[in-house]
Each structure stands twice: as C-alpha cells, then as structure tokens.
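Here is the structure we will look at.
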Amino acid sequence: MNQGTGVAASGRASVPDTLRTAANVLLPTVAQGVIARRPKVVGAFDRLDADRRAVAHMQQLAERYGPGPVRLNVPGRSFALVLDPEHVHRILEGSPEPFATANLEKRAALNHFQPGGVLISHGRERAERRRFNEAVLDTSQPVHRMADRIVATVRDEAEQLAAQAQGSGQLVWDDFIVAWWRVVRRVVLGDGARDDHETTDLLSRLRAEANWSYLLPRRSSVYDRFKERLRTHLERAEPGSLAALIAETPQAAHTDPVDQVPQWLFAFDPAGMVAIRALALLATHPEPAREVREEIDGVDLSTPQELRRTRAAMLESVRLWPTTPAVLRDSTTETTWPTGTLPAGTGFLIYAPYFHRDDRTLDYADRFAPEVWLDERGHGDWPLIPFSEGPGVCPGQNLVLLTTSTFLACLLRSHEFRLLGPDRLDPARPLPATLSPFDVRFAVSDRGRP
C-alpha cells in the first residue's frame with residue numbers, strides 16, 4: 001500500500017487510475033454484455049484474455065490504495081470499487097438495507113424486461129416479491145418439490161441432444177443452447193412451451209437492449225408482446241411446471257408474479273454457459289472427470305441425485321468464469337469505512353473475477369479445482385460468490401444446480417466428449433481468465449453405456 005502519497009488515506013482514485021479502471025475493468029465488462037452476452041465481443045475479449053488484465057489492475061489498485069473501498073472519479077455519481085473480502089461480506093450481508101440490490105444501473109437495465117422484478121425492488125415491494133420467489137423456487141429446501149418432474153425433463157432433452165451429437169459426431173454451442181432452452185421453457189412454463197422459441201427470442205431482444213441500460217428506452221411494443229405470451233403460458237398453469245406453482249402460491253397487491261418469471265428465464269441462460277464450460281473442463285482434466293464419471297455411474301439418473309462432484313464442477317466453472325462479474329449495490333444511508341464516509345446513494349461494485357482469481361491469495365486461482373467446493377474452502381471467509389450471498393443470494397441456486405448437474409451427468413453417462421476447441425484448457429498451464437462458451441465444440445462418441 002502506498003501510504004506515503006496520502007492517496008490511500010483519502011480512498012479516492014486518481015483520475016488516471018479511474019480512467020485505467022474504466023479501460024481495464026468497466027469497459028470490457030459492459031462491452032461483452034452485462035445482461036445478454038454479445039458473442040462476437042466475447043470472442044474478441046477471449047482472445048485478448050481481457051479478464052486477466054482486469055484482475056491484475058484490481059490487484060494494483062489494492063496495493064496502491066489499501067482495503068478501500070476506492071471511490072472512482074465519476075462525474076455526477078458516487079461510485080466505489082470493493083477491494084477487501086470483509087467489505088464484500090459486509091455489503092452482501094447488509095442487503096437490502098443499507099446496501100440495496102436495486103442499484104441505479106441495474107434498475108435501468110432490468111426495467112427493459114422486468115420492471116416489477118425483485119432485483120430492482122425495494123422496501124415492502126421487495127420483501128413481498130422475495131417471499132414469492134423463495135416460495136415458488138423452494139429456496140430454503142435442498143431439493144425442489146418438483147425435482148422428480150424436473151429430472152425427467154432434463155434427462156429427456158439431454159438424451160435427445162446426445163443422440164443428435166453422436167449422429168453428427170460433434171457438439172457445438174448452437175445445438176447445445178437450443179436443447180438447453182427447451183429444458184428451461186419446460187421447467188418454468190410447461191411442456192406446452194417446449195418449442196415456443198418466439199417467447200424466449202423476444203426476451204433475448206429485450207435483454208440485448210437492456211445491455212444499454214438507461215441509454216435506450218424500453219421497447220414497449222416488444223415488451224408487451226413478450227409479457228402477453230408469458231402470461232398465456234402462466235395462465236395455462238401446466239401441472240409439473242413452475243407456472244403451476246405460481247398459480248398455487250399466495251400473492252399480494254405488490255407481488256406482480258408475471259414480472260418475476262423473466263428473471264428465472266434470464267438466470268437459466270448463463271447457466272447453460274456454465275454447463276458447457278464445465279463439460280469442456282471435464283473433457284480436458286482426466287482426474288476430476290474420472291471422479292465425476294464414477295459418481296454418475298453409481299446412481300440412478302432417472303431420480304433426483306445430489307451429484308456432489310458434478311455440482312462442484314459446475315461451481316468451479318462459475319468461479320473461473322463468473323456469469324455475473326459485476327455485483328452491484330447502492331447504499332441507502334451514509335456508510336463509514338477505513339478510508340472515510342461515503343454518501344447515501346453510493347454505488348458499490350464487487351468485481352467477482354478479482355476475488356475468484358486472486359493468485360496472491362488462492363493457490364488454485366487459475367486451475368480447475370472442484371475439490372474446493374467439497375472440502376468447504378468454497379464457503380469460507382474468502383468471497384467466492386458464484387450465486388452471490390446474504391439476503392440477496394440467488395433464490396434459485398439449488399434449482400439451477402439440480403438442473404445443470406443432471407443435464408451434464410446425462411450427457412456424460414453414455415457419451416465421450418473430446419474438446420476440439422478452444423485449445424487453452426491444458427491442466428499443466430494456468431486456465432484462461434476469459435473463455436467464450438460460443439466457441440466451445442466437442443467430438444462426440446458413444447461411451448457404450450445404456
């Protein structure tokens with residue numbers, strides 16, 4: 001820490017450091033798409049290994065300014081970077097008061113497709129919407145009450161995808177994501193929505209515009225079409241779907257159930273990216289792959305399974321390449337820190353890749369280490385936050401892990417996957433800090449199992 005300059009005591013970044021932060025951290029994050037990934041941009045930053053530069057820059061800020069938070073020189077906005085693990089826990093555990101999940105930039109972005117969503121709500125509205133989300137998603141339960149139906153759906157789509165991939169000899173992202181969206185629509189909206197690509201395509205359009213946050217107005221015509229199609233599926237309330245549980249769950253004046261569902265669909269999209277990256281990791285790391293195969297070979301995948309090692313591979317995929325790199329909170333009151341007092345309305349940025357890939361602290365920062373999620377290191381004091389934490393933790397965490405781990409297990413049970421690209425996942429070398437899921441492709445062959 002450079003205490004001799006007096007910079008650390010003030011907790012305010014210099015203008016050059018603010019500009020470097022914008023260039024190395026903020027711009028790459030925004031450019032790749034915070035709400036909807038832009039494949040070509042993600043591919044470009046993948047080739048540059050952009051997140052490694054971002055993590056190195058954050059490390060330099062920590063050395064220069066100490067624990068922070070470090071306030072950036074942003075005209076018209078009090079905005080601070082979080083650099084200390086204790087501050088991460090303080091902010092996330094202190095949500096929604098005094099650290100609101102309804103951050104200014106997040107509200108402007110999510111308003112494009114879920115203006116009544118829980119993530120951009122506050123006060124009594126947030127409390128009611130959070131209660132509703134947790135009730136439908138069974139947040140407090142280790143296994144969702146509809147796990148049997150979910151597993152059957154996942155297995156059906158995974159087996160169809162595996163057969164298709166074996167027939168062509170390859171698995172690529174475009175085929176993978178089509179099958180994954182079928183799973184998502186069936187789980188959330190029911191089997192009747194399996195092939196309703198239009199509804200999720202409308203959501204994708206709205207999310208692409210949401211990348212621009214407050215720089216673009218909401219496309220009301222697109223939003224209205226999307227919401228009407230969504231409402232039609234929810235009114236059908238097909239048994240065995242989350243839509244059916246919505247119909248059964250008590251609602252209040254501020255629940256706005258239709259506006260909670262876009263977040264579930266939105267969250268399942270990056271879960272597909274997590275799954276295909278995890279498959280790529282297992283295809284290139286023989287020992288973890290052997291352990292996962294032993295696990296799935298020893299259970300009946302037609303019924304819900306814990307699949308601890310498979311889930312650990314998923315969690316490692318998110319640690320290595322966070323699907324929510326920028327965790328945002330806004331303070332509702334003045335807050336006091338070692339560097340001084342920050343005013344109410346300050347935006348706090350927790351840059352997840354910095355904490356997930358800090359090689360000064362984590363000896364496994366740049367390698368595939370699923371064991372950290374089995375021996376509880378992944379849940380210790382150091383902030384590994386694949387699903388956030390505290391009162392704002394993802395309410396669908398267990399549902400997402402059940403769905404993704406089952407999908408991956410069903411693929412691996414009967415087929416071999418050899419990674420054709422990218423060629424940078426060598427266990428003997430540090431793993432890349434950026435990895436585009438859109439360029440991942442496999443050669444597929446029959447494993448000779450039923």
Exercise. Pull out a ≥ b ≥ c, the square roots of the eigenvalues of the alpha-carbon gyration tensor of the stretch 161-313, then state rounded if a/c is under 1.5, prolate if not and a/b is larger than b/c, and oblate in the remaining case.
Key: prolate
Self-check item: Selected from Cys394, Ala80, Pro262, residue furthest toward positive end of dipole (the chain; charges at beta carbon)
Solution: Ala80
Quiz prompt | Rounded to 5, the percent of DSSP beta bridges in the stretch 3-446 classed as antiparallel | solution = 80
Quiz prompt | Computed [θ] at 222 nm, deg cm²/dmol, the chain (DSSP H ≥ 4; -39,500 (n - 2.57); rounded to nearest 500) | solution = -15500 deg cm²/dmol
Quiz item: Given [x] 27, 60, 13, 0; [y] 23, 56, 20, 1; [z] 25, 59, 16, 0, which label gives P(r) over Cα pairs in 20 Å bins from 0, in percent as computed from the coordinates?
Solution: [z]
Exercise. Assuming a ≥ b ≥ c are the square roots of the Cα gyration tensor eigenvalues, decide whether the stretch 154-238 counts as rounded (a/c under 1.5), prolate (otherwise, with a/b larger than b/c) or oblate.
Key: oblate
Self-check item: Listed residues Phe438, Thr29, Ser414: farthest to the positive end of the dipole of the chain (Cβ charges)
Solution: Thr29
Exercise. May I ask you to list the GluC sites (Glu not before Pro) in the stretch 254-316 that are in a DSSP loop and have at most 15 other Cβ atoms within 10 Å of their Cβ?
Key: Glu306
Quiz item: Where the only charges are on Cβ atoms (+1 Lys, Arg; -1 Asp, Glu), what is the dipole of the stretch 38-189 about its Cα centre, to the nearest 20 debye?
Solution: 500
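Where nothing but the Cβ of Lys and Arg (+1) and of Asp and Glu (-1) is charged, how large is the charge dipole of the stretch 3-446 around its Cα centre, in debye to the nearest 20?
Here the stretch 3-446 has a charge dipole of around 1300 debye.
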Practice problem: Set the Förster distance to 30 Å, then compute FRET efficiency between Glu134 and Glu416 from the Cβ-Cβ distance, nearest 0.05. | Solution: 0.15
Quiz item: Along the positive direction of the dipole of the chain (beta-carbon charges: Lys, Arg +1; Asp, Glu -1; about the Cα centre), which of Val70, Thr139, Pro325 reaches farthest?
Solution: Val70
Quiz item: Helix hunt in the chain: which complete DSSP H runs extend at least 20 Å axially by C-alpha with mean Kyte-Doolittle at least -1.0?
Solution: 50-65, 147-168, 173-189, 261-284, 397-414
Quiz item: For Thr404, Thr255, what's the fewest-to-most ordering of other Cβ within 10 Å of each Cβ?
Solution: Thr255, Thr404
Practice problem: Treating only the Cβ atoms of Lys and Arg (+1) and Asp and Glu (-1) as charged, compute the dipole magnitude of the stretch 265-398 about its Cα centre; round to the nearest 20 debye. | Solution: 300
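Computed from the coordinates by the stated procedures, all read-outs in this text should not be read as laboratory data. On a predicted model such as this, the values are computed, not experimentally measured, just so you know. FYI the Cβ positions are ideal-geometry reconstructions off the backbone, even for glycines, and counts take in every protein chain you see.
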